[in-house]
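Input: a single structure, listed below in structure tokens.
Read-outs throughout are calculated quantities, based only on the coordinates presented, and are distinct from any laboratory measurement. Small disclaimer: the values here were computed from a predicted structure and weren't measured. Positions of Cβ are backbone-derived with ideal geometry, glycine not excepted, and every protein chain shown enters the neighbour counts.
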Amino acid sequence: MSTSPDTSPPPGLAPLEAGDPAWIGPYRVVGRIGSGGMGAVYGALDGQGVCVAVKTVHADFARRPRFREAFTREVEMLRRAGGISTARLHAADTEASVPWLAFDYVPGRDLRAHVRAFGPLEGDMFRTFALGMAEGLSALHAAGIAHRDIKPGNVILSPDGPKIVDFGIAVEIGTERSEDGSASYGTPGWSAPERYSGAAADPAADVFAWGGLVALAATGRQPFGAGDAGEKARRVREGEYDVDGVPEDLLGLVRAALSVDPDQRPNSEMLVRSLLPEPSEGADERQRGRATTADVLRRMLRDYWRGVDDAGHDPARWAAALGAASAAGLGASVLGSGVLGSGGAAGTGAAGTGAAGAGTAGGTGAAGTTAAGSGTATAGGAGGAASGGAAGTGMTTGGVLSGVATSKFGLAGAGLLAVAGLAAGGFVVYDQVSENPSETVAAAAGLLEEGPGFTARVERAFSQAHAEQVSERTATPVDQVVEDSRTEEEYLYSATDQTFLIRGPAMGPDTTAVANHRGELYVYAPRPSGSEGWWPRTDRLEVDESVSADSVSAALVTAPLRALADTDQAETEEEGVYTGPTVLGFLDEGSFSEVDAAGRTELDEAGEVLRAEYTSERWDVRVEFEELDVEVPMEDPQVWDIDDGRGWMVVHAPICGTIAAGEPFQVEWDVQASGWDMDCDYAMDIAGVMADPDSHRDRQVQLWGDFPGGATRAIDEAVFCGESYIDEETYPLEHGVSFDICGPISELIEPEVEGSPHSNGYHDAETEDETLIEFHERD
């Protein structure tokens, strides 16, 4: 009696769908690992029968030069990554119609799933885990890479040892936030506190997450607990962690890693040194000095790594799945030729063992995987995770380098398998993805973060429920309460100018705009009616302590999308519409707030956000995108026209330092760089000229000024500044000297001939209605 072959996909893989490729480069595709708005990750076999995970980019994105360039940079960076505890990049083709890269497929369960199923790690196995994670981070950091998304879901416990996977938002160490498209991305409870305040990509953030991983592995609890994203972020920023139960000998190291101050954390190399065991008593000095971290870790994995299975992965099942589909794809003669080799090694569920299989269709048996990672076939698991950014289900890798990364298309060494792949259609343009809502929403946030800019209209008003409460207290009709609470603002973002600007009263009812320009905070208000030019001098607005430059950023738009995706509770309401819980941040009359909300976002066919709606207990917020993926022109808001045609005045800008002037009073003045084009070094330089003009006569000329009783001078023929000697009746100061403001000169005019208004040696100048520097008297 004959039986039908098992055509179900192997554990960890979903069936291929219409439009999916049969081949990606030299790799024969077996099934899907995960998919999302940016692309898909497939499980595949290379020419030696090794299981790999192949990440692709959606064809629509692949046609955009900047995404292809970013993908190329990612591949170049990941080629440098190494280490026993990191998943390897096998090969990539950044020039294919659909760019792809192939990673190890790592079998096993992620850290959280393993701890839930089997309990915390203990004893020497726990210490092996801690060292393995430190070794993996040290290898990445030595290669100049900051992972930035170290968390339980990106750590796989495989039979070979713990592995760090998913380099989807890894960047070069030191990448500034303004150049970092994924700077706002992170997982609440695992992102370091400095990530919330705009820090550049730094290894210290990975070390912070290492502390959390080790605490979870030891106790079975997340160090910052459960709850919504906003509460987790608060605990992280305030250092409220739970590490009770971490073994005493590692407790100090874990506490140091979880320090709120990144400068107080050990680096990854220090972690490794602290975790290495003392050499055995029998080892001579030569053996002690020769042993490397890799040697010690391999020995510890061999001796202590126990009780970790492959979560049901069997490479033979992958090859068998291809055999069952051979009539539609690869011919039986190729399968029987040994090209797929002997990938029949089945994982036994214990480290250091593995039975040699008979091969897929006639190859020789392969050696089983060892705890140290040797052997030619690796058992893989359904609970693993793709190191290249796969959605959801997990994957891991084969044990040997496939040898296919040596040619432009990654075909070298693939033999008949590669030829058959090209004959079958070669590089198939990927245009169809089954959606994972969380991944799709995260991808939409990534498009906003990585694009050149966007503009959006934002409307906020009381929610119906809150308006009804207000109506009951005030006897005002509900509709009127809603209307009275309504505010409308315009958000503008330019990646090129490193500027995010809100037009509207976000900083209070008397303000007109607030901007984050190159990491500095600026606030604007209307000029008084009838004011002339750059007069009058303005008082400085004190900004609420909840507001920083980082509060006024593109994260106001992208963070709620990220939070919705991070909850893993996003759902598809209808095609292109996604809903779920999120955390909403916004500015309300000069203070920054974060609240739990229900989110709803609508995407277009290209995966870009059209609109988003958020409802909290108090507010309804609607975001309508007017322009996406565009260069947004930016200029200093001071030159923007308002009703009186005089532009806006600066009421808050960076304070560069303090000067003392005004003999004999020695009044101290804060020097404020009010103009976007005025850096602090030059502002303090100009202030020095104003404070001691007699010592800098070579840099200044007198101008024909209209200050009452004062003097105006040009400095460097580029900046004019006013200094008034006036009484308190004219300008109420405690002292009779006042530094006022400095503005730009567009043209300096020489004194005219005798008999003209300027025959007294004073110059004239063409000036612009913009304030570059202001001086504020200190109390």
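Here are the numbers:
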item: Proxy reagent accessibility, fewest Cβ within 10 Å first, across MET690, MET133; result: MET690, MET133
item: Neighbour-count ranking [beta-carbon atoms within 10 angstrom, fewest first] of MET125, MET507; result: MET125, MET507
item: Under Karplus coefficients 6.51, -1.76 and 1.60, residue-wise ³J(HN,Hα) of region 250-266 in Hz, glycine/proline x; result: 10, 4, x, 5, 5, 4, 5, 5, 8, 4, 5, 8, x, 5, 8, 8, x
item: Hypothetical label at GLU172: residues of region 189-212 whose amide nitrogen lies under 17 Å (7 Å Cα-Cβ projection); result: 200-203
item: Gyration tensor verdict on region 437-628 (Cα atoms; rounded if a/c is under 1.5, prolate if a/b is larger than b/c, oblate otherwise); result: oblate
item: Estimated inter-spin distance, LEU276 and ASP244, nm [label 7 Å along Cα→Cβ]; result: 3.6
item: Potential extension, ASP303-ASP692 segment - 0.36 nm per residue separation minus Cα distance; result: 132.6 nm
item: Net +/- balance of residues flanking GLN469 in space, Cβ distance below 15 Å, scoring K and R +1, D and E -1; result: -4
item: Net charge over other residues, Cβ less than 9 angstrom from the Cβ of TYR42 (K, R count +1; D, E count -1); result: +1
item: Sparse-neighbourhood loop sites, GluC sites (Glu not before Pro) in region 223-281 - DSSP loop, at most 11 other Cβ within 10 angstrom; result: GLU281
item: Cβ-based charge dipole, region 437-628, positive-most Cα from LEU556, LEU587, VAL621; result: LEU587
item: Stretch gain in nm, segment ASP677-ASP769, where the contour uses 0.36 nm per residue and the Cα spacing is subtracted; result: 31.7 nm
item: Per-residue Cβ neighbour rank within 10 angstrom, fewest leading, VAL50, VAL595; result: VAL595, VAL50
item: Length added when fully stretched, LEU610-PHE118, from 0.36 nm per residue minus Cα-Cα; result: 172.7 nm
item: Karplus-derived 3J(HN,Hα), 6.51/-1.76/1.60, for each residue of region 72-79, Hz, glycine and proline x; result: 4, 4, 4, 5, 4, 5, 6, 4
